[in-house]
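The values are calculated or read from the model by the stated rules, or taken from the named source; none is laboratory data. Predicted model, so just to flag it, every value in this text is computed and none were measured. Glycine gets a Cβ as well: all are built from the backbone with ideal geometry, and neighbour counts include every protein chain shown.
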């Protein structure tokens, strides 16, 4: 007969949920299925921890965003941000839906080519483009967004040496009322750098200026900031037409739209505070449509939205390793996933749900990961039903950045599973093994 577990009595304040006009509210309803697939079935088949991505939700998110913008503006093109999640299966879902690719490195560029994206539908951003990257992108007729003068001069030199006619844009930084400003990337609007760069491109013999781009920040909560950015880019495009007779083909407003995750320190949850995509669309399209462009010269509006299209399509399933009391009396729950897998727990208060029905008693607890580091905290404070070793949980809205910024540190990275439109499951990245980790290592002869 198994011995009954003993835990020293401790007087704690009972928490029954937040009050509202309907009574009390619970945030601890169990999540037993993702789409129609059982959480425990997934964990039994693919191991714990486990990332799960919903193809249905990705497609719903993309189609909704496209509809919102295209009902307001006649020429819209989305470009999937590879750095947000560059699992090939994920990228191909977006490309099937009609998205171009937006990349920020030679590595990501090659992934986009490997995923079948035509060169002329790849946007090449970022400050670190090698000469060979610029040559390849130019020959493929890709859109090269110039980040700084050194890159501009390199591109002019390479175009002359290799007889290239690259299609280019510049990245512009500006004051949109959001601080700190993202002014380390691109050319500044207010001090004239942006106009100077445009002038140099237009006076060059080989560079073909086709667009103007900005990316004003990340997890932006102000639609008005995008209105300012749209106005400034429209002003530059208008000035190019007026002074040089050159029609700018597109304006790229970048990414930065937030998901409904809750930022650390926020007073209210993200579902209550994050603006809708409709609000961003209104702010952007009203400015461009009202700027005065002729109907046949309206620029294509490009958007590089990432996290807003995939965060809520991703889940992390995991298990309780142990529970204990800290020296100050707080309950600690130790999970089999931590900062190495859930990198975004550094800035989000992720919603975490039990994967099975538990008791009605809840308690505030600290949720730790398995790493031998004191900073490995998944949630600094969360009120949940009392979890025991072996219980399982679902972490919500983890689709953005965790699968590109995760680390192989102390533990091996887990499986990633895609649930398709027919609720069939597919491993889209295998869990790592020791053999995989060591395959790039070399041992000197004297140590063998």
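Assorted remarks:
- The helices (runs of 4 or more DSSP H) found wholly in region 1-102 and carrying at least 3 residues that are modelled with pLDDT of 95 or more and under 24 Å from the mean Cα position of the chain (by Cα) occupy 55-70, 88-96.
- Sole residue being modelled with pLDDT under 95, in the same structural domain as residue 169 (by TED's automatic domain parsing) and not in a helix (DSSP H, G or I), chosen from 217, 211: 217
- Qualifying residue in region 59-79 (condition: in contact with a helix residue (DSSP H, G or I) (Cβ under 9 Å, 6 or more places away or on another chain), under 30 Å from residue 369 (Cα atoms) and crowded, with 17+ Cβ neighbours inside 10 Å): no
- Residue in region 317-325 that is touching a residue at least 12 places away in the same chain (Cβ under 8 Å), touching a helix residue (DSSP H, G or I) at 6+ places or on another chain (Cβ under 9 Å) and surrounded by 24 or more Cβ atoms within 10 Å (Cβ to Cβ) present: yes
- Of all residues making up region 411-448, the number that are within 15 Å of residue 89 (Cβ to Cβ) and in a helix (DSSP H, G or I): 0
- Considered as a group, the residues in region 364-398 that are under 11 Å from residue 336 (Cα atoms) and assigned to a strand (DSSP E or B) include one that is farthest from the chain's Cα centre (by Cα), and that residue is 392.
- Identity of the residue in region 111-149, assigned to a helix (DSSP H, G or I) and in contact with a strand residue (DSSP E or B) (Cβ under 6 Å, 6 or more places away or on another chain), that ends up surrounded by the fewest Cβ atoms within 10 Å (Cβ to Cβ): 121
- Entirely in region 251-357, the helices (runs of 4 or more DSSP H) that have 1 or more residues that are at pLDDT 95 or above: 277-289, 307-310
- Candidates 152, 198, 202, 158, filtered to the one that is part of a helix (DSSP H, G or I), in the same structural domain as residue 255 (by TED's automatic domain parsing) and crowded, with 24+ Cβ neighbours inside 10 Å: 198
- Residues that are under 22 Å from the mean Cα position of the chain (by Cα) and crowded, with 17+ Cβ neighbours inside 10 Å, drawn from region 407-427: 413, 414, 415, 416, 417, 418, 419
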